[in-house]
Structures are given as structure tokens and as C-alpha cells.
Amino acid sequence: MQNKVITIGEILWDVFPDGKKAGGSSMNVALNLHKQSIESNFVSAVGDDDNGKELLAFLAANGFPTDLVQVNKKLPTSTVVVQLDETHQATYTIKEPVAWDDIQLTEANIEAVKQADALVYCSLTCRNEHSKQTVTSLLEKAKTKIFDINLRAPFYNKELIAGLLAHADILKINEDELLWVKDTFGLTGNTDEQLLKQLSSTHNIEIICLTLGEKGACVLKDGKLFKHPGYKVQVADTVGAGDAFLATFVACYLQGYPMETILDNACKVGAFVASQTGANPEYNRKIYHMALG
């Protein structure tokens, strides 16, 4: 039986100095799952405007369903201004309010989540109470809940993150986010492994994946830490690399691969996307294996 995954969250235009590219963490994860032959769909909203029409056309051109993407008559389609530093690390200016701040709970997205193997969610989607309520309601229906913590200042606080962590079966977090969690929740570990074990224990999270940028990633599962040094590439920009990593991790996990293989594949795809411009470069298995060796 083919695996099914639903993501919920942002669909938007990443606005770079040289133009705009389709993005949004939830859409990026869904598209990467689709590229890896996982049946995926995602719950979001665009405005009733040209930017929204172009995003729907972009999804359709990629063979991706748009039936769970709502069209909001009052709020505009999301845009995010992306700035890259000298190491091509991205920072984001995220406008509000936008269409995905008002994602509605519907019978269609409830049924889609019930039928799926997993639901992927993130904190940014919950910056507005309307979408937060929809996310929370859908989490109650989900079989496996995968939390991409995705901290974007100033749209998070301890109360919000604690509530979202309480649902998570699998958590993806990066180095900076782990430091914030350590300070905010009073974790006392001195190493990544100690911190992940404390976080797993205090919030009852089965699997935690820590991404380490150019240093690769590690995963805590059943008290055991798996490590991968990552792949060295010439970075074009980091936009969407974490989303590609997460999608590959989810795809391989649902297909039952050993954790070492899951981590290797996820690092490989994440590195490939970082070597390309924008969040959603074209690729298939042959292309990224050739690119990384």
C-alpha cells in the first residue's frame, strides 16, 4: 500500500533580490514527498489574487493536487522577503496577515488527515489563532504527527511551542532552535545527545532529528543516537534545504528503511537542494546522486 502524507501550513512566494520563487515550508515538504513518489497533499490557503493564481498554477504544473488549498477572499497571498548573508544563509521577513493565517477546518481536510499515515506541521502556521485551531483539530485526527519546529521570530513563544511539542511523535529541529528550547524549557544537558534525550523524555517524543547545517545531522531513536557528517557542496542558498531533508526523512521512514539509510538519504537531498537556487529545484534520484557522488 502506498504511503500518504498530509502537510499543513505556508504556501507563498519567496522574494529574492533577483525575483520570486514558489515556497513555504509546508508546500516544500509536500512537493519533495511528491518527487519521491509518496502520495502527498497539503492544507493551506492563497488569496484571490494574481500571486495566488500563479501558485496554484505552479502546483498544477508539478502534477500536485490543489484541492485542499483554500482561496481566501479577504486576505492576500503570502510573500516573504529573503535576504542572504555572505555564507548564503537565509533570513526572512514574513508579512502578515496573509491567507494561510486563516486556514479553515473542513470535512475534506479532516478526512484527508484521517486517511493519511502522517501529518506534518510547524509552529509558524500557528502564529494566528484561526490556523492554530485548525492545526490542533487536525492533530487530534492524525496517526503519526511530525513537528518541524520551524521557529521564525517573532512568531513563537514558550506556551505555543509547549503545546505543539505535546502532540509530536517525530520532531525536526536545528541547532539554533535547540538552544532556544534548552534555555526556554530549562534543559541541563551539555551535549546535543544529552539535550535530545532530555527533550525526548520530558515531551514524550519518539524520534528527534537534529540538523547541523554543513556538519550533517543526527537522530535520536529509542535512546540511540545516529550521526551523519553531511555532504559538502557549494551552497547557492539554504532556502528549502531543511524541508527537503525532512521530506526525505519522512519518505524513507515510512518505507521502513534502516535509520542509517534514512539519515544518509536525507542529508544527500538536503545538500543537493542547498546547492541549487530556491526551495524547489527540479531533481530526481539520478540527478542528486550524480551531483553528490
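The values are calculated or read from the model by the stated rules, or taken from the named source; none is laboratory data. In this text, all values refer to a predicted model and were calculated from it rather than measured experimentally. Neighbour counts are summed over all protein chains in view; Cβ atoms, including those assigned to glycine, are modelled from backbone coordinates with ideal geometry.
May I ask you to verify whether Val269 is in a helix (DSSP H, G or I), modelled with pLDDT of 90 or more and either within 20 Å of Lys21 (Cα to Cα) or of a type in the set (Phe, Trp, Tyr) (or both)?
So Val269 passes the test.
Could you please find all residues in the range 17-55 being under 20 Å from the mean Cα position of the chain (by Cα) and farther than 23 Å from Asn128 by Cα? Walk me through it before giving the result.
Step one: filter the range 17-55 for residues under 20 Å from the mean Cα position of the chain (by Cα), giving 20-46, 55.
Once the filter is applied, which keeps residues that are under 20 Å from the mean Cα position of the chain (by Cα) and farther than 23 Å from Asn128 by Cα, the range 17-55 yields Lys20, Lys21, Leu31, Asn32, Leu33, His34, Lys35, Gln36, Ser37, Ile38, Glu39, Ser40.
Considering the range 198-222 alone, what residues qualify as being part of a loop (DSSP other than H, G, I, E, B) and small (Gly, Ala, Ser)? Spell out how you get there, then give the answer.
Going residue by residue through the range 198-222, those that are part of a loop (DSSP other than H, G, I, E, B) are 204-206, 212, 216, 222.
Within the range 198-222, Gly216 is the sole residue that qualifies.
Within the range 59-99, which residues are assigned to a helix (DSSP H, G or I) and within 19 Å of the chain's Cα centre (by Cα)?
Step one: of the range 59-99, the residues assigned to a helix (DSSP H, G or I) are 59-61, 99.
Once the filter is applied, which keeps residues that are assigned to a helix (DSSP H, G or I) and within 19 Å of the chain's Cα centre (by Cα), the range 59-99 yields Leu59, Ala99.
Does Val71 satisfy the criteria of being at pLDDT 95 or above and closer than 19 Å to Val5 by Cβ? Talk me through it step by step, then tell me what you get.
Values: at pLDDT 95 or above: yes; closer than 19 Å to Val5 by Cβ: no.
Criteria not met by Val71.
Mind counting the residues in the range 237-262 that are of a type in the set (Gly, Ala, Ser), more than 30 Å from Val81 (Cβ to Cβ), touching a residue at least 40 places away in the same chain (Cβ under 8 Å) and not in a helix (DSSP H, G or I)? Walk me through it before giving the result.
In the first step, residues of the range 237-262 are kept if they are of a type in the set (Gly, Ala, Ser); the result is 240-242, 244, 247, 251, 256.
Add one more test, that the residue is more than 30 Å from Val81 (Cβ to Cβ), and what stays is 251, 256.
Retained after the next criterion (residues that are touching a residue at least 40 places away in the same chain (Cβ under 8 Å)): 251.
Then keep just the ones that are not in a helix (DSSP H, G or I); that gives none.
Going through the range 237-262 one residue at a time, the tally reaches 0.
Pick from Leu195, Leu187, Leu225: which is on the phi < 0 side of the Ramachandran plot, in a loop (DSSP other than H, G, I, E, B), at pLDDT 95 or above and over 20 Å from the mean Cα position of the chain (by Cα)? Write out each step before concluding.
On the way: Leu195 fails: in a loop (DSSP other than H, G, I, E, B); Leu225 fails: in a loop (DSSP other than H, G, I, E, B).
Result of the check over Leu195, Leu187, Leu225: Leu187.
Just for strands (runs of 3 or more DSSP E) wholly inside the range 3-53: which have at least 1 residues that are under 22 Å from Tyr253 (Cα atoms), in contact with a Leu (Cβ under 8 Å, 6 or more places away or on another chain) and modelled with pLDDT of 95 or more? Working first, answer last.
Values: elements: 4-8, 12-16, 19-23, 39-47.
Output list reads 4-8, 39-47.
Residues of the range 123-156 being assigned to a helix (DSSP H, G or I), small (Gly, Ala, Ser) and surrounded by fewer than 23 Cβ atoms within 10 Å (Cβ to Cβ), which ones? Break it down into steps so the answer makes sense when it comes.
Our first condition is that a residue be assigned to a helix (DSSP H, G or I); within the range 123-156, this holds for 124-127, 129-139.
Filter again for small (Gly, Ala, Ser), leaving 131, 137.
Passing the criteria: only Ser137.
Check Leu59, Leu84 and return the single one that is surrounded by 15 or more Cβ atoms within 10 Å (Cβ to Cβ), of a type outside the set (S, T, N, Q) and closer than 30 Å to Gln115 by Cβ. It would help to see each step written out before you state the result.
Working: Leu84 fails: closer than 30 Å to Gln115 by Cβ.
Result of the check over Leu59, Leu84: Leu59.
Name the pairs whose Cβ atoms lie under 6 Å apart, with the first residue in the range 42-56 and of a type in the set (S, T, N, Q), the second crowded, with 20+ Cβ neighbours inside 10 Å and assigned to a helix (DSSP H, G or I), and 6 or more positions between them or separate chains?
Between residues of the range 42-56 that are of a type in the set (S, T, N, Q) and residues that are crowded, with 20+ Cβ neighbours inside 10 Å and assigned to a helix (DSSP H, G or I), the close pairs are Ser44/Trp100.
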